[in-house]
Structures are given as C-alpha cells and as structure tokens.
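Please treat every number below as a calculation from the coordinates, not as lab data. Bear in mind the structure is a predicted one, so any value in this text is a computation, not a measurement. Note that we place each Cβ from the backbone using ideal geometry, even for glycine, and neighbour counts take in every protein chain shown.
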Amino acid sequence: MRCPYCGSQDSQVKDSRPAEDGGAIRRRRVCPDCGGRFTTFERVQLRELTVTKKSGKRVPFDRDKLARSVETALRKRPVEAERVERLINGIVRRLEQSGEAEIPSEEIGSMVMEALKGLDDVAYVRFASVYRDFREARDFETVIGELSRPARSAPDDGA
C-alpha cells in the first residue's frame, strides 16, 4: 500500500481488526521510510458498478464519493459516525444486490434522500438543495413540506 505522506511503495501492517460489523477489515499501517501512520479498510466488492450520469457519461461507482456527499450533508449535525457508516453500507449493499451493473445517478441520489430523510431533517434538506438543484427559496419550502408529510402514502386528493 502506497504511503499517503511520502508516496513510498511499501508500508507495513501493524494491526488488523474487523470493522463495520465484520463487513470490512481495518488495517493500521506504518511507512518504513517516513514513519507515517495511516489506516486502510478492505471491503468485499460483489461486482463492479458503473454510474450513468445525467449527461450519459459512465463512471465507476466510488463509495468514497458517496460517503463524502453524505458526510457533507451531515456536517455539524448530531449523528453518530456509526449510523452514517451503516447508512452508506446499506446503500452500497442495495446497489450491489440490485443485479444491475449500471445504475443511474438519479437512483443513487434517491436512495440517499430516502436514507437521510429517516436520519436527519437538516441533512435531508441540505442534500436535496444540491441533488434537486434548488434555484429559489420556494424550493426549500417544498422540501420542508415533504418532511411533514408521511412517506409515500396514498395520493393526496386535496381534501
């Protein structure tokens, strides 16, 4: 494993232990050249996933990008790291088990929206503002109105 500090091609594993409820292995490493210490995670990958963007461009699925998006929405929110990790793992597991090799980015965004709605209202609104490309304050009002309605119930007849 390459050292993130000095770029050395060699590092030594000092400690390994299960992580994420046994779904990954956490390894503490040290670089013999610069002495830098860092952590890596090894996870099972069931299949190679490709994300189809709105533009039609296809890119490899990046779990870390998903995690950064979720963590950005949850920045400074009182949500435990363990719950965030479970949320991300759950989305990745659903994607891998879908049986599809190519997944539209909109589908991933919808999964994140659904998961955040059950986790933290502020994070849900933050993510929605980027995912739905809000242009004006009224867009925020619409999403906040979604929070007060029950999730996907019978169609509203206006009564």
- Item | Top of 35, 145, 118 by mean-square fluctuation, Gaussian network on the chain, Cα under 10 Å | 35
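Cut-off is 10 Å between beta-carbons; in what order do 147, 119 appear when sorted fewest neighbours first?
Numbers: 147 13, 119 18.
With the sparsest Cβ surroundings first, the list reads 147, 119.
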- Note on the structure: Connecting every pair of Cα atoms under 10 Å apart in the chain and solving the GNM, the largest mean-square fluctuation among 115, 101, 123 falls on 101
- Hey, what do the phi angles of segment 53-60 turn into as Karplus ³J(HN,Hα) couplings, whole Hz, using 6.51/-1.76/1.60 and θ = phi - 60°, x for Gly and Pro? 6, 4, 6, x, 5, 10, 9, x
- Report the extension gain between residue 83 and residue 55 in nm, rounded to one decimal, defined as 0.36 nm multiplied by the number of residues separating them, less their alpha carbon distance. 6.8 nm
- Work out from phi, with θ = phi - 60° and the Karplus expression 6.51 cos²θ - 1.76 cosθ + 1.60, the ³J(HN,Hα) of each residue of segment 77-94, listed in order in whole Hz, and give x for Gly and Pro. 9, x, 10, 5, 4, 5, 5, 5, 4, 5, 4, 5, 4, x, 5, 4, 4, 4
- Query: For residue 8, which sequence-distant residues (separation of 5 or more, or a different chain) have an amide H within less than 5 Å of its own amide H, given hydrogens modelled in the peptide plane?
  - Reply: 3
- Message: I'd like to know which of 73, 134, 6 lies farthest towards the positive end of the charge dipole of the chain, counting +1 on Cβ of Lys and Arg and -1 on Cβ of Asp and Glu.
- Response: 6
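About the Cα centre of the chain, what is the dipole size in debye to 20, counting +1 per Lys and Arg Cβ and -1 per Asp and Glu Cβ, all else neutral?
Dipole size: approximately 620 debye.
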- Note on the structure: In order over segment 8-16: 3J(HN,Hα) from phi, Karplus 6.51/-1.76/1.60, θ = phi - 60°, whole Hz, x for each Gly or Pro, gives 4, 6, 10, 8, 10, 7, 9, 7, 10
- Message: Taking the number of other C-beta atoms within 10 Å as the exposure measure, put 103, 144 in order starting with the fewest.
- Response: 144, 103
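Given a Förster distance of 30 Å, report the FRET efficiency between residue 42 and residue 132 from their Cβ-Cβ distance, rounded to the nearest 0.05.
Values: r = 35 Å, r/R0 = 1.17.
That pair, residue 42 with residue 132, gives E of 0.30.
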- Considering amide H positions built from the backbone, and no H for Pro or chain starts, which residues 5 or more places from residue 79, or on another chain, come under 5 Å of its amide H? none
- Note on the structure: the chain, Gaussian network, Cα under 10 Å: of 30, 84, 70, the residue fluctuating most is 30
